Each structure stands twice: as structure tokens, then as C-alpha cells.
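> Okay, handing you the structure first.
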Amino acid sequence: MKVGLITAIREDFFNPYEIKIKTTMPNLALLYLSGYLEKKGLECEVLIEDKFEKLAKERPDILGISSITENFQHAIHLAMRARKLWNPMIIIGGVHVTSLPHVLPKVFDVAVIGEGEETFFELLSLYNKHQKLDSSWLSQIKGITYHEGAETVFTGFRKGISNLDEIPAPDRRLFGIKYPYTYMMTSRGCPYTCSFCVIPHVSEGYRMHSAEYVIEEIKQIKEVKPNPRKVRIFDDLYIVNKKRTHEIAERVHAEGLDQEFDFSCWVRANLLDKEVVQSLKKMNMKYVEFGAESGSSKVFSEIKPGCGMDDNQKAIDILYDNGFYTSCSILIGHPLETESDLIATYEFIERNVDKLFSVEFNNAIPWPGTDLWDYAKKQGWARDDMDFGILRECVHFPNYSTKKYPYLNKNISPERYESILTKFHELFWKFEEKQKEIEAFLAW
Ligand code: B12
Ligand code: SF4
């Protein structure tokens, strides 16, 4: 059995940002899946490709596509091409289908909902045995959605693998890394429930790899050619467990890995204290990001429970004082926001321009599964079977316009919002310039 795996990122590089993703940050999900199949000893040949044409030549029996909401429309497009060309069994997985488990476009045979390793293994084992996937067998597998006549059947959520260390670390050599950096995941999920975020809806509880596993993975990264020098720890929230944070830092330092790499990670302002900061420094964590979201305490406390505005300022100060490159992400256009809230956010960023390395500006996009999604549905802006391409175009901050994309705020007229947005655009470009300069210096 041949299994082809691909991520639904466009090949025409319409968006210059995408060429960067494809060449610098290949999707680890595919490596986790193939590593797990190998560990389980499943008889199959797995081909991981980022060019659809190459996969099409190989005509794999199973085509597995990984997609998030932003590129779901492209996943449909790839599946339609595969149907026409060689008609494989087409399995879709990733955050998008997990957020909408009851929805499955006809072009896909099966969606894997949530964590994919065990479910994919079970599906492929069945296929290997019977050379097809019949609905009577599919109904036995937890964590999938499939078609039965005109019906769409969801078999229910599967419990996540409790000991994450059972999953082999991704073998990055399969991607042929072209740039001297990579990303890694040392945990899955997040214990918090910020209202705009999909993570609490798509992960099976917070679980983490042991410090030993993390250190072994970093050592494996050392062996990848060309040697990555920078590792982005892309956990949704890296510092949840302070004991593990300290343990990893101690071991990275003791093994000299802090001399080989510099690291980056995502934190949460309320979890950052002196000890954590010292640990991060010890392991050569250079670049630290966190969601500051808003300069208005009213909006902030609604969307980010457990964290206060003063935590944000303290986090920026302590990170700056300790020499970190700090990045904040902010969210604008939330339905709760009034003009003064929006201006408070602008002023908050402006006050901190010198202390911040970068700011990730995010338009309030109604990702399926979140409160914003429910709200956008009620307003008629979103539907489960909508063309998700529209969300894809507006994720890049400067592309956003209230005329073309979902605008969820009723407190500020679209015209007024657009005019305030121009001020945010100025900030955006200011940070782009600043970042370019520092990135060139750091060779990020
Ligand atoms: C690393 C990362 C990136 C990297 C690149 C990732 C890549 N090359 O695909 C960068 C920084 C470039 C990036 C960019 C963006 N990202 Co991003 N990213 C992540 C992050 C932090 C980790 C992804 C990962 O590796 N996870 C680990 C694996 C193991 O989990 P997984 O992907 O869910 O895969 C499992 C299952 O879903 C399933 N599965 C997945 N695919 C498949 C396929 C098959 C066939 C099967 C059977 C199963 C299966 O099995 C896997 C193993 O269990 C996630 C958050 C997260 N925790 O996942 C956000 C996340 C995916 N990104 C997100 C967003 C919004 C973006 C951007 C749009 C941001 C922006 N404003 O531009 C862009 C779009 C880029 C693009 N076109 O893909 C959102 C997606 C929300 C949504 N509903 O779609 C997430 C969830 C973050 C969040 N908190 O909201 N991202
Ligand atoms: S925004 Fe960050 S802290 Fe909040 S739920 Fe999502 S991953 Fe967790």
C-alpha cells in the first residue's frame, strides 16, 4: 500500500508569505503520522511531498491531506484533482475538520478528527486488510467522519494518547531542511480557554512530553543537515509546567545545547515570573512571544481569562530588561470593542514600540469552533459549508478590509474602523522594517 501525504499549501506562491512557510516551516504533523505508522510496523510506503504533481505521478492508494481553515479550500481543490487523475482513497485531517466534525465535503472519503496517529493507523490497517474502507468497518473507528449514502457520520471524539512520549519524534531528514532553523512541539493543547482561540476546541486536553524526550529531540535536530541553529518551540503555551520548564533549561545548558542553538517560544503573561525568565535565559531562549491581545482591560478580561493588563506590561518589561527579543500578538476588530478600546490598544503598542521586537497584528477572524465563529454565524457572515478561501485572503493583516471580509464589530462603523486601521498599518510597517533589520543581523 502506498500512502501519499501533503499539506494543503498552494504551489503557485500567490502569497509571498507562503513560499516562506513551505520552505522554512514544513508541517510536522505529516512526520508524526509517518513516524507512528513506522513504529507500529504497518506495511506501507509513505511518500511525503509538497508538490502535488510528484505525488500524482506515484498514484498512492491513499492520499492524506493536512489542512487548517485558512487553506481548506485548497485542500478541496487538491482532492478534486486527485479524484480526476487517479481516484485514490482521500483522507483529510487537521485543525479545520476537527473544528467542524459534522461537516465533510463529498470529495473526501474520510476525515480524521483530532489527534491523528492512532486513528490513521487503524484506518490504514483496515485498508491494508480489505483493500477498501467499507462503512461497516468505518463505523467501528473512533475519531472519524465519513459518508454513508447522503448522510455524514461522525463516530465521536477519540481520547488523545495519554503518554505523548509514545509518539516518535518527527524525522526532519525526510523534509530536506533548506534553512538553518526548524520548529518543534514539546506539548499538545493548552489548559486555558481564550474565547477567540481554536486550541481548546481541537486538542484532547493539555499533555506534555517529558524533559528527556525534549532533549533527545533537540539532539536529533543537531544531526539534521544543514544544521539548524535556531529552534522555534511552537507549543501553544510552552511554560505551563514550571518544573518541566526548569528541567529542560538545566539539561539544555548542561549538555551544551544552548551553545548549539538559540530558541524561541510562546508564553502567557500571567505565567511569567523571575524564575521562569532565568530558566529561559539559561537555555538560550532568544525570542519570546505572547498574546497581549488588547490594550483595553474590558476587552482583555473578556477574551483572555486568568490574565490582566498589568501582567502584559510586566511581561514586556521583564523580557526587555533581560535582553529577550519580545513579540506580542494582538487582536483587533472583536465585536466587544468600542472605539476607545481600539485606541487603547494602539496606544499600548505605541508606548512599547521600543521594547518590542515585533507585533503580530491579527484581524478578529471567526475560526470555526470559537465564540467568534458562533457570533459570525448568527450575523450571517459564516456558514459551515462556506467558501473558506475568504478567510485565507484576510489573515495577512494589511490585506484586511471591511468591504471584502467579515467585519464583526457593531460599535464602530466600518468607515471609522478603516480610518483607525490606517494608523495600525503604520505601526505594522514600522515593525516590519525593524524586524527586517534585526532579522538580517540575526540571520533568522
Ligand atoms: C507551526 C504552526 C505554524 C507554522 C507552519 C505550519 C505548517 N507548515 O503547516 C507557521 C508559523 C508558518 C504558521 C502559519 C500560520 N498559522 Co499556524 N500554527 C502552527 C502550530 C503552532 C503548530 C502546528 C503543528 O505542527 N502542530 C502539531 C501537530 C502534531 O498537530 P496538528 O497539526 O493538529 O496535527 C495532528 C492532527 O490535526 C492530525 N492531522 C493533521 N493533518 C493530518 C492529515 C492527515 C491525513 C491525518 C490523517 C491527520 C492529520 O494528526 C496530527 C497528529 O496528531 C498550530 C497550533 C497547533 N497547536 O497545532 C498553529 C495553527 C495551526 N496556525 C494557525 C493559523 C491561523 C496560522 C496562520 C493563518 C496565521 C496567520 N495569521 O497568517 C498561518 C497560515 C499558514 C498556512 N498556510 O498553513 C491556527 C489555525 C486556526 C484554524 N482554525 O485554522 C493554529 C491552530 C493556531 C491557533 N492557535 O489558532 N503556523
Ligand atoms: S490563546 Fe494561547 S493561552 Fe489562550 S487558549 Fe489559545 S493557546 Fe491557550
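Throughout, read-outs are computed from the coordinates displayed, never taken from laboratory work. Fair warning: this is a prediction, and the values are worked out from it, not measured in the lab. Reconstructed Cβ throughout: ideal geometry from the backbone, glycine too, with neighbour counts over all protein chains shown.
> For the stretch 177-442, what is the relative contact order in percent, using Cα pairs closer than 8 Å and at least 6 residues apart in sequence?
Answer for the stretch 177-442 is 16 percent.
> Hey, can you list the DSSP H helices of the chain whose Cα span along the axis is 30 Å or longer and whose average Kyte-Doolittle score is at least -1.0?
414-442
> Using the C-alpha atoms of the stretch 80-131, what convex hull volume per residue, in cubic angstrom, is computed?
Dividing the Cα hull volume of the stretch 80-131 by its residues yields 85 Å³.
> So how strong a dipole does the stretch 2-154 carry about its Cα centre when Lys and Arg Cβ are +1 and Asp and Glu Cβ are -1, to the nearest 20 debye?
Charge dipole of the stretch 2-154: 320 debye, to the nearest 20.
> So how far apart, in nm, are the two label points at M25 and E255 if each is 7 Å from Cα heading toward Cβ?
Computed distance between label sites M25 and E255 equals 2.5 nm.
> Relative to the compact-globule scaling 2.2 N^0.38 Å, provide the ratio for the alpha-carbon radius of gyration of the stretch 2-154.
So the stretch 2-154 has a normalised radius of gyration of 0.98.
> Sticking with this one: Once you place label points 7 Å from the Cα toward the Cβ at S419 and Y179, how far apart are they in nm?
Placing both labels 7 Å along Cα→Cβ, they lie 3.9 nm apart.
> Here's something else I'd like to know. May I ask you to derive the FRET efficiency for I390 and N411 from their Cβ-Cβ distance with R0 = 25 Å, giving the value to the nearest 0.05?
0.60
> Rounding to the nearest 20 debye, state how big the charge dipole of the chain is about its Cα centre with +1 on each Lys and Arg Cβ and -1 on each Asp and Glu Cβ.
The dipole magnitude comes to about 660 debye.
> Greater than 20 Å separation of Cα atoms is the criterion. Which listed pairs, K2/K51; K281/K314; K304/K404; K404/K430; K242/K286; K2/K132, meet it?
K304/K404; K404/K430
> Now for a separate question. In the chain, what is the volume of the convex hull around the alpha carbon atoms, normalised per residue and reported in Å³?
Value for the chain: 140 Å³ per residue.
> While we're on this one: So if I take the centroid of the Cα atoms in the stretch 46-116 and the same for the stretch 321-338, what is the distance between those two points in Å?
If you average the Cα positions of each part, the centres end up 34 Å apart.
> A further question on this structure: For a footprinting-style exposure proxy, rank C44, C197 by other Cβ within 10 Å, fewest first.
C44, C197
> Relative contact order, percent, of the chain when contacts are C-alpha pairs under 8 Å separated by at least 6 residues?
After rounding, I find 12 percent.
> Which residue, chosen from M309, L336, T119, occupies the Cα position most advanced towards the positive end of the dipole of the chain, where the dipole is computed from +1 (Lys, Arg) and -1 (Asp, Glu) charges on Cβ about the Cα centre?
Of the options given, the answer is T119.
> Compute all pairwise cysteine Cβ distances in the chain, then list the cysteines with no distance under 4.7 Å to another cysteine.
C44, C190, C265, C307, C328, C394
> Sort out for me the Cα centre separation of the stretch 356-405 from the stretch 184-228, rounded to whole Å.
Cα centroid of the stretch 356-405 versus Cα centroid of the stretch 184-228: 26 Å apart.
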